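One structure is given here, and the rest of the page talks about it.
Please treat every number below as a calculation from the coordinates, not as lab data. As the structure is a prediction and not an experimental result, all values here were calculated from the model. Here the Cβ is made from the backbone with ideal geometry for all residues, glycine too, and neighbour counts use every protein chain on show.
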Amino acid sequence: MTERYVSVVIVGARGRMGQALTRCVLESDDLTLVGAVDRSDSPGQGEDAARLCGMPESGVLVTDVLRPPRGSIVVDFSLPGATDQNVRRCLECNVPLVLGTTGIGPETRDLLKQAGKDIPIVSAPNFSVGVTLLLRLASIAAKALGPEYETEIFELHHRHKRDAPSGTALRIGESIAKALGRNFDEVAVRSRDKTETQRTPEEIGLAALRGGDSVGEHTVMFLGEGERLELVHRATDRGIFARGALRAARWLADRPPGLYDMADVLGL
Ligand code: NAD
């Protein structure tokens, strides 16, 4: 049997996720690291990408230009300000993209939809297999419990996280709203500070906590009369996101153009 290798270019290589991805790629039998990109003023410029995560040299140096070789797949976990440019580079080079960056705005989401007509893209705010299942379970629970159960979503992340609420919390809220036939933007309540009115039954409340080194926790509560159902996911190692993103990269290798999410990768 012929071995199949998937060539990977990591964007945000010096970051927490970039290092976890580099480690996973170098430790795998079927993936090859062919590029590592980070911001021009990043202290890791010109260094060997593997050395940044404490591994033996790989021969792949960190650069500030995304130039994915033909046949490679770009895995981007950087910052939202970089996403549009990276999507355009993938389009120009006709290379698939796995996008993990969170906090992207509506214009970038439109660009992704457009780009999905020409190249295969998997975009997910959370590449963990467990969270992908949580999204599906939350939707099933919302449908089964119905509108008389009120929904609140709570998330906790490390002190360095910039966007709040997390992309995952928003995605959970969207899937619950969809299951209940509601418009998420109309029913989402992100803060109750200075509100003097009671919650409405339709509301989907979101609360964000930041601090310490928590990799990420999400709790969905369905609150009814006399009972409360909670669905909880706790990430203890950011390797889960890296492994999920690389599973998506392998899956994407023979996919036609399209904008996919992690549920597609898992066949849910
Ligand atoms: P980080 O701050 O540790 O790393 C970000 C890296 O991106 C840094 O090295 C930074 O220099 C680099 N960067 C910034 N601008 C860049 C540019 N223009 N070009 C190239 N590189 C650039 O952050 P992190 O914890 O590694 O997270 C990165 C992103 O991934 C965040 O948006 C985070 O929310 C997201 N994330 C997603 C998932 C998921 O499963 N989808 C999981 C964890 C984190």
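General observations
- Dimensions in Å of the range 55-178 - Rg and Dmax from alpha carbons: 17.4, 58
- Between helix 239-252 and the chain: long-axis angle, C-alpha atoms, 0 to 90°, nearest 10: 70 degrees
- Ranking T197, I153, V25 by Cα position along the charge dipole of the chain, where only Lys, Arg, Asp and Glu carry charges on their C-beta atoms, puts V25 farthest toward the positive end.
- The range 63-131: proportion of alpha-carbon pairs further apart than 21 angstrom, %: 18 percent
- Placing unit charges on the Cβ atoms of the charged side chains and taking the dipole of the chain about its Cα centre, the candidate lying farthest along the positive direction among V131, L209, L52 is L52.
- Taking N as its residue count, the alpha carbon Rg of the range 2-80 over 2.2 N^0.38 Å: 1.00
- Extending 7 Å from Cα along the Cβ direction at H160 and again at R199 yields two label points whose distance is 3.3 nm.
- For the chain, DSSP calls about 35 percent of its internal beta bridges antiparallel.
- Helix 80-93 axis, angle to the chain major axis (alpha carbon atoms, nearest 10°): 50 degrees
- The range 41-98: C-alpha gyration tensor shape, a/c 1.5 cut-off, then a/b vs b/c: prolate
- Hydrodynamic radius (Kirkwood) for the range 174-268, which is based on Cα pairs only, to one decimal in Å: 16.8 Å
- For C90, C24, C53, order by how many other beta-carbon atoms lie within 10 Å, fewest first: C53, C24, C90
- Angle in degrees between helix 16-27 and the longest Cα principal axis of the chain, rounded to the nearest 10: 50 degrees
- Under the criterion of Cα pairs below 8 Å and six or more residues apart, the relative contact order for the chain equals 20 percent.
- Note on E230 and D29: the extension gain reaches 68.5 nm, defined as 0.36 nm multiplied by sequence separation minus the Cα-Cα distance.
- Sorting M17, M262 by the number of Cβ atoms found within 10 Å of their own Cβ, with the fewest placed first, yields M17, M262.
- Within the same chain, lysines fewer than 8 places from K178 are excluded, and of the rest, those with a Cα less than 22 Å from its Cα are K113, K143.
- Considering only Cα atoms, the convex hull volume of the chain works out to 148 Å³ per residue.
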